[in-house]
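Every number here is computed from the coordinates shown, using simple stated rules; none is lab data. Since the model is a prediction, treat every value here as computed from it, not as a measurement. Note: ideal-geometry Cβ built from the backbone for every residue, glycine included; neighbour counts use all protein chains shown.
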Amino acid sequence: EAGVAQSPRYKIIEKRQSVAFWCNPISGHATLYWYQQILGQGPKLLIQFQNNGVVDDSQLPKDRFSAERLKGVDSTLKIQPAKLEDSAVYLCASSLALAVSTDTQYFGPGTRLTVL
Amino acid sequence: AQRVTQPEKLLSVFKGAPVELKCNYSYSGSPELFWYVQYSRQRLQLLLRHISRESIKGFTADLNKGETSFHLKKPFAQEEDSAMYYCALSGYNYGQNFVFGPGTRLSVLP
């Protein structure tokens with residue numbers, strides 16, 4: 001079975017520019033997660049979707065970050081405008097079950113963002 | 001608020017020695033606990049979860065609700081166990097955050 005796909009793998013931008021990341025979850029997985037992982041820290045959940053609805057976005061900086069999950073499959077995460085502190089690896093994960101945060105999550109390879 | 005702590009950033013042991021990676025949590029209720037692992041140049045992946053009560057690659061973890069701990073143990077470390085290990089927590093209720101600890105890098109020396 002194909003794993004979670006993410007693109008691009010690397011992105012370098014200057015502060016105040018905008019950037020978008022794309023994620024394609026495992027086929028049939030209802031739940032999709034976006035995490036931010038700053039160097040030396042564990043992943044931090046930004047937003048969780050179930051199908052195309054948002055379950056939790058309490059830690060998403062909504063003044064600059066936005067995310068959508070079109071038709072309950074692919075998802076995009078956008079940052080506009082970027083700040084230096086947004087430099088991190090952005091991880092996408094998916095899980096099979098609905099409405100259960102305890103299911104196994106399958107992670108993508110991540111997108112490493114550097115903001116100069 | 002949910003929180004996971006892993007007191008050791010780096011743990012080095014010799015091959016064949018026992019390993020214990022510490023994890024403590026704070027949560028008001030009965031959480032589900034996980035260990036995720038990231039080997040060099042690989043994706044983050046699930047190692048084991050409390051609810052399954054299984055042993056994966058020789059690793060086990062016991063949930064101690066009194067001490068709010070979920071330490072990961074292996075009696076005899078192997079060089080291929082060298083990796084980054086993350087303890088994680090989730091609640092059972094709808095919409096509860098999934099929280100990772102900061103991680104411990106395990107280095108198994110020959």
Task: Residues being within 10 Å of the chain's Cα centre (by Cα) and at the interface with chain B (Cβ under 7 Å from one of its Cβ atoms) - total across region A:45-62 - done: 1
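Residues are listed down the side, and each one gets a yes or a no for (1) more than 24 Å from A:Cys92 (Cβ to Cβ); (2) among the polar types (S, T, N, Q); (3) surrounded by fewer than 19 Cβ atoms within 10 Å (Cβ to Cβ):
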| site | (1), (2), (3) |
| --- | --- |
| B:Phe34 | no, no, no |
| B:Arg41 | no, no, yes |
| B:Gln45 | no, yes, yes |
| B:Thr60 | yes, yes, yes |
| B:Lys73 | yes, no, yes |
| B:Ser90 | no, yes, no |
Task: Residue check, B:Phe100 within 13 Å of the chain's Cα centre (by Cα) and either more than 27 Å from A:Ala30 (Cα to Cα) or more than 10 Å from chain A (Cβ to nearest Cβ) (or both) - done: no
TODO: May I ask you to list the residues in region B:16-54 that are part of a loop (DSSP other than H, G, I, E, B) and out of contact with any Phe, Trp or Tyr (no Cβ under 8 Å at 6 or more places or on another chain)?
DONE: B:Lys22, B:Tyr27, B:Ser28, B:Tyr39, B:Ser40, B:Arg41, B:Gln42, B:Arg53, B:Glu54
Task: Condition broken by B:Asp81, with the remaining ones in (1) among the acidic types (Asp, Glu); (2) more than 29 Å from A:Ala5 (Cα to Cα); (3) surrounded by 20 or more Cβ atoms within 10 Å (Cβ to Cβ) satisfied - done: (2)
Open item on the list: Please verify whether A:Gln17 is in a loop (DSSP other than H, G, I, E, B), more than 9 Å from every other protein chain (Cβ to nearest Cβ), of a type in the set (S, T, N, Q) and farther than 21 Å from B:Met84 by Cα, treating the condition exactly as stated.
Closed with: yes
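For the structure I just gave you, tell me whether A:Ile26 is outside any loop (DSSP other than H, G, I, E, B) and within 14 Å of another protein chain (Cβ to nearest Cβ).
no
Checking the condition over 26 Å from B:Ile51 (Cα atoms), under 10 Å from the mean Cα position of the chain (by Cα) and in contact (Cβ under 8 Å) with a residue 60 or more places away in the chain, which residue from A:Thr111, A:Thr76 passes? Break it down stepwise before answering.
Working: A:Thr76 fails: in contact (Cβ under 8 Å) with a residue 60 or more places away in the chain.
After applying the criteria, what remains is A:Thr111.
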TODO: Kindly indicate which of A:Thr76, A:Thr102, A:Thr111 is within 11 Å of chain B (Cβ to nearest Cβ) and of a type in the set (S, T, N, Q).
DONE: A:Thr102
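Among the residues of region A:44-70, count how many are of a type in the set (Asp, Glu), surrounded by fewer than 19 Cβ atoms within 10 Å (Cβ to Cβ) and either in a strand (DSSP E or B) or in contact (Cβ under 8 Å) with a residue 40 or more places away in the chain (or both).
Here the count works out to 1.
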